[in-house]
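Since every read-out is calculated from the coordinates, none of them should be taken as a lab result. On a predicted model such as this, the values are computed, not experimentally measured, just so you know. Cβ sites come from the backbone with ideal geometry, for glycine too, and all protein chains shown count toward neighbours.
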Amino acid sequence: MAASVSFRSREDYRKRFELEEARKAGLAPAEVDEDGNEINPHIPQYMSSAPWYLNADRPTLKHQRKWKSDPNYTKSWYDRGAKTFHADKYRNGACENCGAMTHDTKSCVERPRKLRAKWTGKNISPDEKIETIELDYDGKRDRWNGYDPASCKDVIQMYETRDEARNNYLKEQQLKNLEEKNGNQSKEVGVSDGSLGVDEAKIDESKQMEFAKVEKRVRTTGGGSTGTVRNLRIREDTAKYLLNLDVNSAHYDPKTRSMREDPLPDMDPNEKFYAGDNCNRVSGQAFEFEQLTIHAREAFEKMGHDVHMQAAPSQAELLYKNFNANKQKLRSQTKDKIMEKYGNAATDEVLPRELLLGQSEREVEYDRAGRIVKGQETISLPKTKYEEDVHISNHKSVWGSWWKDHKWGYKCCQQTFRNSYCTGAAGIFC
């Protein structure tokens with residue numbers, strides 16, 4: 001089936017599932033491609049589904065066939081670094097830096113000269129061999145394409161010459177030191193080149209390192225040899241299952257050699273050498289891949305998109321990329337609306353006074369009972385939108401400061417009428 005992003009209901013999925021089961025059981029005719037050939041119903045969906053970028057409207061298996069039948073379709077080999085013509089003087093239209101005609105000054109890969117070839121006319125570089133090639137899938141990924149194996153002999157000979165010169169120099173230096181210590185006794189002893197006591201490990205330091213030592217293991221459990229293995233483990237490191245010997249600590253799986261949890265959770269993080277495998281599972285690109293998988297699953301279950309992470313990873317990644325772009329666009333629009341309404345504190349504009357007051361960076365922590373656990377509470381409480389300490393009708397107190405017989409009143413005159421005039425102490429004895 002071709003990959004489609006159109007919405008399908010639950011009933012459509014049920015009918016398609018029943019049709020596939022009927023085709024596998026032989027109760028329904030097999031599906032036919034655009035050439036009239038029947039498609040085996042037992043082929044997995046991730047193989048029969050054409051990639052989304054082919055825009056296949058009908059079921060087909062052409063994407064599984066070898067469509068590059070011409071053996072001369074591509075030329076996957078070229079002469080790397082081949083030169084053609086070497087000029088003696090600068091030519092018009094050539095590279096101003098090196099003097100070659102096959103590229104311009106901007107595309108020159110040589111080091112920029114202090115005096116270019118255009119002005120000096122010396123050291124003109126030869127022209128490169130230009131070839132028109134069409135690399136196939138393997139040719140584009142062949143890192144040794146165009147490499148001449150014969151050039152490796154020169155490299156090996158250079159290193160062998162260097163090692164031989166170094167060995168001779170070290171032997172001469174040690175012979176000189178022996179002669180200085182023993183004088184002419186070294187001649188009587190008859191020291192030879194093989195008995196100079198030269199430490200060969202000092203000559204070639206790579207042989208001294210056992211980290212890259214290749215060993216051959218024999219007498220294994222299954223018998224025989226297991227081939228060549230490298231000793232890559234540093235013996236000073238402690239195995240992860242030996243960091244905490246408590247039986248209730250983190251679980252270690254010997255089959256996969258994994259320990260998900262932290263074996264030492266109470267230890268200082270700065271002194272930890274190993275903090276569990278979960279630290280690596282939520283870091284780097286693992287977290288991004290997990291987010292991509294979750295988005296593909298939710299898009300299939302909630303939004304109805306026919307997308308599968310394993311069957312069409314490119315389609316799932318493109319859909320997730322478009323989703324993030326639309327989400328970021330919507331978030332920026334919301335941010336612009338808020339800044340347009342309340343202003344931006346990062347600009348040089350003067351903010352309103354009501355936005356500047358009542359804000360502080362003081363942190364106060366409370367417990368469940370409302371008691372202060374950390375920090376210090378502010379002394380001055382912010383004013384409400386209602387007027388406070390405003391006394392009307394000559395009253396000395398506010399309404400509701402006195403209570404009697406289920407009625408509210410003024411404390412100064414003990415009257416229960418809201419709009420009454422205060423009579424002071426005389427009202428109490430009336």
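Between F85 and Q285, the distance separating the two model label sites (each 7 Å from Cα on the Cα→Cβ line) works out to 4.6 nm.
Comparing Cα centroids, region 6-41 and region 235-285 end up 49 angstrom apart. Straightening the chain between D35 and A325 buys 100.4 nm, computed as 0.36 nm per residue apart minus the Cα-Cα spacing. The ranking of D88, D142, D266 by Cβ neighbour count inside 10 Å, starting from the fewest, reads D266, D88, D142.
Under 5 Å between amide hydrogens, built in the peptide plane, is the criterion, and for E31 it picks out I39 among residues at least 5 positions away or on other chains.
In terms of the mean number of neighbouring beta-carbon atoms within 10 Å, the peptides 145-158, 38-51 order highest first as 38-51, 145-158. The trypsin sites (Lys or Arg not before Pro) found in region 279-338 that occupy coil by DSSP, while having at most 16 further C-beta atoms within 10 Å, are K302.
From least to most packed, judged by other beta carbons within 10 angstrom and beginning with the fewest, T416, T161 follow the order T161, T416.
In this rough spin-label picture, where each label sits 7 Å from Cα along the Cβ direction, the E261-I130 distance is 6.8 nm. Our estimate of slack between M303 and N177, defined as 0.36 nm per intervening residue step minus the Cα-Cα distance, is 37.0 nm. Taking GluC sites (Glu not before Pro) across region 245-313, the ones in a DSSP loop with at most 13 further Cβ atoms lying within 10 angstrom of their Cβ are E261. Projected label points at D268 and V109, each 7 Å from Cα along the beta carbon direction, are separated by 5.2 nanometres. At an R0 of 56 angstrom, the distance between the Cβ atoms of D154 and A22 translates into a FRET efficiency of 0.25.
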